[in-house]
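Every number in this text was worked out from the coordinates using simple rules, so none of it is lab data. Just so it is clear, the structure is predicted and the values come from calculations on it, not from any experiment. Cβ placement follows ideal geometry from the backbone for every residue including glycine, while neighbour counts extend to all protein chains displayed.
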Amino acid sequence: MFHAIVFCLCSWRLAGVFGTECLFVMEGDPVTLNIDLTEIQRDEIIMLKFGLKDALIAELKRGENPITLIHVNERFRDRLKLDEKTGSLTITNTRNTDSGLYKVTSMNKETQLNMFNITVYGRLPVPIIIIDCSSSSSSGSSVSKCSLVCSVLNVSDATLSWYKGISVLSSISVSDISLSLPLDCLDDSYSCVLNNTISSQTTHLDIRGLCSTHSAVIRLALSALVGAATVAVLVYEFRSRSLQQKKREQTPSNSD
């Protein structure tokens with residue numbers, strides 16, 4: 001399971017705070033908000049708010065004993081864990097809907113302490129490589145052109161790329177449910193890579209396997225066509241002989 005979290009400093013300037021800590025996490029993995037409580041006094045209440053409407057997510061209180069949670073929004077009730085010593089909050093079993101801006105403020109002093117921008121990424125599927133062939137007519141003859149197509153489904157905020165070794169040949173950023181990139185059939189140094197900010201999935205080109213499978217399909221189709229043609233010829237020959245036999249039977253002999 002991929003647990004790495006990447007940190008960055010956002011260039012936003014909100015409510016007098018010069019930086020917002022950006023947290024990137026894969027869907028289902030935990031993400032921790034390291035709240036700065038160095039200036040928090042006894043009996044002070046800290047509020048965690050979410051989104052543009054500042055929906056109240058949780059309230060913490062520092063008493064004589066360790067920090068305690070005195071309120072948790074129903075949406076986060078079984079997924080919000082408190083470190084009683086540091087006051088840090090961990091969101092477990094993250095979902096795509098958890099993406100957004102989180103603000104930590106002091107109710108007593110009406111001051112903002114921290115801001116976090118969380119982005120939850122879905123788990124990436126493995127790209128699929130297939131051979132796609134199309135035919136066209138030129139000067140009375142049919143020309144078949146084949147290419148390799150790499151595709152994925154149900155992906156957003158990711159990039160799909162064709163590589164030859166470590167060199168990027170072409171890439172496309174995706175925000176829809178499907179995408180593909182064509183490439184002429186060459187050798188096994190090619191690979192198709194799907195990646196986002198924190199993870200990637202790679203499919204290496206097995207040109208022998210693909211081409212042999214493709215050739216087998218062509219041979220099978222040709223065999224089927226040849227078989228059908230042979231049957232048609234035999235049927236035609238049988239019918240022709242039957243008709244000739246009937247004609248001979250129906251024609252009076254010269255002796256009569």
Between D187 and T68, with labels modelled 7 Å along Cα→Cβ, what's the label distance in nm to one decimal, could you check? 7.0 nm
From the cross-link list K61/K85; K49/K109; K53/K103; K53/K109; K61/K81; K61/K103, the entries with a Cα-Cα span beyond 18 Å are K53/K109
Please give, to one decimal in nm, the separation of the simple spin-label points placed at L210 and R123, each 7 Å out from Cα toward the Cβ. 2.6 nm
